[in-house]
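The values are calculated or read from the model by the stated rules, or taken from the named source; none is laboratory data. Note that the structure is predicted; figures quoted are calculated from it, not measured. Cβ atoms come from the backbone with ideal geometry, glycine included; neighbour counts cover every protein chain shown. Just so you know, the surface numbers come from the protein's heavy atoms only, side chains and all, with ligands and any DNA or RNA stripped out. Shrake-Rupley method; radii C 1.70, N 1.55, O 1.52, S 1.80 Å.
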Amino acid sequence: MSTAHELLEISPVVPVVVIDDEAHAVPLAQALLRGGIGVIEVTLRTPAALRAIERIAEEVPDIVLGAGTVTAPEHAAKSAAAGARFLVTPGTTDTLLAAVKDTGLPFLPGAATVSEAMRLAEQGVEALKFFPAEPSGGVDFLKGLGGPLPHLRFCPTGGITPQSAPKYLALPNVGCVGGSWLTPKSAVAAGDWGAVEALAREAAALR
């Protein structure tokens, strides 16, 4: 996987994961792999996130590992150093875009409006994160965007469920969706990796 476009094709669902305890990182990633999901986005929302990325990079090399919730330039560099293979931002500023590009990693920059998408396209970006998807217009917004901007492809994230995911995946400008439902907080806290594997298997079948 060397480009953002290739990232969109790995799995119909990119698990968006919050890890509070680094000890959960490896078994969680392994459960996703067993369920047929070959990608994981570890969000930088907890103190354990960077160490979790390091652990997964070291011990589960077969999964395509990304860092999400990249909101500051230093996040980009630290995530790359920890072993992330792609980066995801919820929104995009000039400074953040430059820092993400500097890592040399594939990335999905966040956009929620037509102008934001067009501005990223001017910078040569054609694979984007649409966030927050449901509050920002959801399927209808992306369907409308496909007319004037057919060259852009998206990974919509935010409020998407197993029920709504197929509607997004049916759109020609959607490569995959981001979802947190594959790794419920209760299952992760309990170490119920069988439940995570089962949810991953269901998600993998959505394509």
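On the stretch 32-164, 53 percent of the accessible area sits on carbon and sulfur atoms, based on a 1.4 Å probe.
Counting every pair of alpha carbons in the chain, the share spaced more than 22 Å apart comes to 43 percent. Amide H contacts for LEU108 (H built 1.01 Å from N in the peptide plane; partners 5 or more residues away or on another chain; cut-off under 5 Å): LEU87, VAL88, THR89. Applying the Karplus relation 6.51 cos²θ - 1.76 cosθ + 1.60 with θ = phi - 60° to the stretch 131-137 yields 3J(HN,Hα) values of 8, x, 4, 5, x, 9, x Hz, where x marks Gly and Pro. With all protein chains kept in place, the per residue accessible area of the chain amounts to 42 square angstrom at a probe of 1.4 angstrom. Once the dipole of the stretch 151-207 is set up with Lys and Arg at +1 and Asp and Glu at -1 on Cβ about the Cα centre, which of PHE154, TRP193, GLY178 lies farthest towards its positive end? About the Cα centre, the residue reaching furthest to the positive side is PHE154. A Cβ-based charge dipole, computed about the Cα centre of the chain with Lys and Arg at +1 and Asp and Glu at -1, lands at about 320 debye. From its DSSP helices (H runs of at least four residues, each -39,500 (n - 2.57)), the chain gives a residue-normalised ellipticity at 222 nm of -11500 deg cm²/dmol. As a ratio to 2.2 N^0.38 Å, the alpha-carbon radius of gyration computed for the stretch 1-94 takes the value 0.99. Taking only the alpha carbons of the stretch 117-186, we obtain Rg and Dmax values of 12.3, 42 Å in that order.
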